[in-house]
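All remarks here apply to the structure that follows.
The values are calculated or read from the model by the stated rules, or taken from the named source; none is laboratory data. Just so you know, these numbers come straight off a predicted model, no measurement behind them. Please note: Cβ atoms are built from the backbone with ideal geometry, for glycine as well, and neighbour counts cover all protein chains shown. Heavy atoms of the whole protein, side chains included, go into the accessibility calculation; ligands, DNA and RNA do not. Shrake-Rupley method; radii C 1.70, N 1.55, O 1.52, S 1.80 Å.
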Amino acid sequence: GHRQMGMVLEIVARGTPETADDSSSGDGTAGHGMSGHGATGELGPSAAEDLDLMAAPGPGFTAHDPVLAPASSSTLHEVTLHVVEAVREVAPGVTQRLWTFGGSAPGPTLRGKVGDSFVITLVNDGTLGHSIDFHAGALAPDEPMRTIEVGESLTYRFTATRSGIWMYHCSTMPMSLHIANGMFGAVVIDPPGLPLVDREYLLVQSELYLGPQGGIADAEKISAEQPDAVVFNGYANQYDHSPLAAHAGERVRIWVLDVGPNRPSAFHVVGTQFDTVFLEGAYQLGGPDAPVSGATGGSQVLGLLPAQGGFVELVPPEAGHYAVVSHLMVDAERGAHGVLAVSD
């Protein structure tokens, strides 16, 4: 990414072959000098060559838990997030070296209520500079969103003044690369009077721009907006293999956040209709103040631009397998696909 933005130094060695340093063949360390920011082409072929979206995960696979825990009764939320660089499987047989908040992409989900205070300590245990930006708070970005170097930490404080599902992410440039390589998560601030439901899930949609196996995201693919996969909660098609569960007649709420960095989402659950839609802080349909009876309107898609979020509610009418997709169908076919498995 930095190389694409012009940070290139050309070194010209002059002299005869006899005076040249025999070590010029090198040990590969020159290429690794850029390993933090996108020198992926020097490390091997793209892992996209091994991508098989029809394959099943291996025997050790565990899906990212999609269940959204309820907000605690506390009004003060103190959290420490460590920047962790780790090789993670992102599709069957495909690994990437992710930059993460806390070891997973998405990072830990935070949840609270309007008026709650959040105190976040970011500790940079990575190998390059990182930062953090919480959309859930309103404040001048100069200090809390600054890039901190390896071994440093900062404290980020904000008060939740508005409800919704909010993105947090690394804002160090190139921001698209830091987000695409795993540095994102969700903050859920419940709207006042949010009713209890039988099941509550959270899906974070993001894109994969695959570098080499075990390497970082490909910055050139990101710039060209050519994702290899689009995924829910960091892994292609994982909820086909570990479906979301519900019983017929239960009320199910699904929160959805599109962290991009580039692709929108058209969230849809095949075979169902949404009777409640909450988008970017406001009810578009239904809600606690909606008429108890007589409402005939429904919704089929929750449309989200990158960094937007909301939730839908539905009541599956009978047992069966209901596909959960982005109705941008090419993205559903790229891995933004799962199943809501409904039993009697």
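With respect to residue 258, is the statement that it is part of a strand (DSSP E or B) and in contact (Cβ under 8 Å) with a residue 40 or more places away in the chain true?
Details: part of a strand (DSSP E or B): yes; in contact (Cβ under 8 Å) with a residue 40 or more places away in the chain: yes.
Yes, satisfied.
Kindly list, by first and then second residue, each pair from a residue in the stretch 109-132 that is on the phi > 0 side of the Ramachandran plot to a residue that is among the β-branched types (Val, Ile, Thr) and open to solvent by 30 Å² or more (accessible area, probe 1.4 Å), limited to pairs with Cβ atoms under 9 Å and residues at least 6 apart or on different chains.
115/75; 115/159; 115/161
Any idea how many residues of the stretch 134-186 are surrounded by 19 or more Cβ atoms within 10 Å (Cβ to Cβ) and assigned to a strand (DSSP E or B)?
Looking only at that region, the number is 11.
Count, please, the residues in the stretch 312-336 that happen to be open to solvent by 50 Å² or more (accessible area, probe 1.4 Å) and under 15 Å from residue 234 (Cα atoms). Spell out the reasoning first.
The first filter runs over the stretch 312-336 and keeps only residues open to solvent by 50 Å² or more (accessible area, probe 1.4 Å), leaving 315, 317-318, 321, 327-330, 333-334.
This time we only want the ones that are under 15 Å from residue 234 (Cα atoms), so: 334.
Result for the stretch 312-336: 1.
List the pairs whose first member sits in the stretch 292-321 and is of a type in the set (A, V, I, L, M), whose second member is surrounded by fewer than 14 Cβ atoms within 10 Å (Cβ to Cβ), and whose Cβ atoms are under 6 Å apart, counting only residues at least 6 apart or on separate chains?
Final answer for the pair search is 319/248; 319/343; 319/344.
Which members of the stretch 187-226 meet the condition of being under 22 Å from residue 131 (Cα atoms), assigned to a loop (DSSP other than H, G, I, E, B) and in contact with a Pro (Cβ under 9 Å, 6 or more places away or on another chain)?
209, 218
Only one of (1) among the aliphatic types (A, V, I, L, M); (2) over 30 Å from residue 97 (Cα atoms); (3) open to solvent by 10 Å² or more (accessible area, probe 1.4 Å) fails for residue 305. Which number is that?
The number of the failed condition is (2).
Going by the conditions given, is residue 283 within 22 Å of residue 186 (Cα to Cα) and in a strand (DSSP E or B)? Spell out how you get there, then give the answer.
Details: within 22 Å of residue 186 (Cα to Cα): yes; in a strand (DSSP E or B): yes.
Judged against the criteria, residue 283 is a match.
What number of residues within the stretch 80-105 satisfy the criterion of being in contact (Cβ under 8 Å) with a residue 24 or more places away in the chain, assigned to a strand (DSSP E or B), of a type in the set (A, V, I, L, M) and within 23 Å of residue 335 (Cβ to Cβ)?
Matching residues across the stretch 80-105 total 5.
Within the stretch 73-104, which residues are open to solvent by less than 20 Å² (accessible area, probe 1.4 Å) and among the small types (Gly, Ala, Ser)?
Scanning the stretch 73-104 gives 86, 91, 103.
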